[in-house]
1. From zero up to wherever the largest Cα-Cα distance of segment 7-161 sits, split into 10 Å bins and tell me the percent of pairs in each.
2. Cα centroids of segment 1-58 and segment 77-156: how far apart, whole angstrom?
3. Helix 7-20 sits at what angle to the longest principal axis of the chain, using alpha carbons and giving 0 to 90 degrees rounded to 10?
4. Among 82, 110, 16, whose mean-square fluctuation peaks in a Gaussian network model of the chain (Cα, cutoff 10 Å)?
5. Neighbour counts of other C-beta atoms within 10 Å: give me 131, 114 arranged from fewest to most.
6. With each pseudo-label sitting 7 Å past Cα toward Cβ, what's the residue 107-residue 30 distance in nm, one decimal?
7. Among 59, 136, 43, whose mean-square fluctuation peaks in a Gaussian network model of the chain (Cα, cutoff 10 Å)?
8. Which angle from 0 to 90°, rounded to the nearest 10, does the C-alpha axis of helix 106-116 make with the longest principal axis of the chain?
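Read-outs: derived from the displayed coordinates by stated rules, not from any lab. Given the structure is predicted, the values throughout are model-derived calculations rather than measurements. Cβ placement follows ideal geometry from the backbone for every residue including glycine, while neighbour counts extend to all protein chains displayed.
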């Protein structure tokens, strides 16, 4: 049986993962089925907020306008020397809302986004692009075999080790 990591170590591990991996898969609903799109993201102060800069022309944005329920999946890249089942990954679930430019936090979020993705500056001038805020309620984090953790937006810095149920 694998020992669980300390809460501090789990916190540091997800922070390292999202620093290393700048893109994720945004899952939206299309005709009642999950639809995945590769997107760049920045997080807020913790994992409970993520920000995306999306085009109104993209299918995923059209889906969000119909159904705001989303998941953002972040995973370290696969490499030939790695076991793909042990890759570090995080699945975040919540709802999305377009962030209006007059929102007090808009300028700071835009600055953070451009600091991480400077080549996106031009797209902020396009009328069909807007910032979206993902308001995330649940996180599922896998750091390797036997190292799965869960957290909720009620206490985002607290991670609970997911232990398999044993059959009797």
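1. 10, 39, 35, 14, 1
2. When both Cα centres are located, 4 Å separates them.
3. Roughly 40 degrees, rounded to the nearest 10.
4. Maximum among the listed residues: 82.
5. Values: 131 20, 114 16.
Fewest-to-most Cβ neighbours within 10 Å comes out as 114, 131.
6. Spacing of the two 7 Å Cα→Cβ label points: 3.8 nm.
7. Among 59, 136, 43, the largest GNM mean-square fluctuation belongs to 59.
8. It works out to around 60 degrees.
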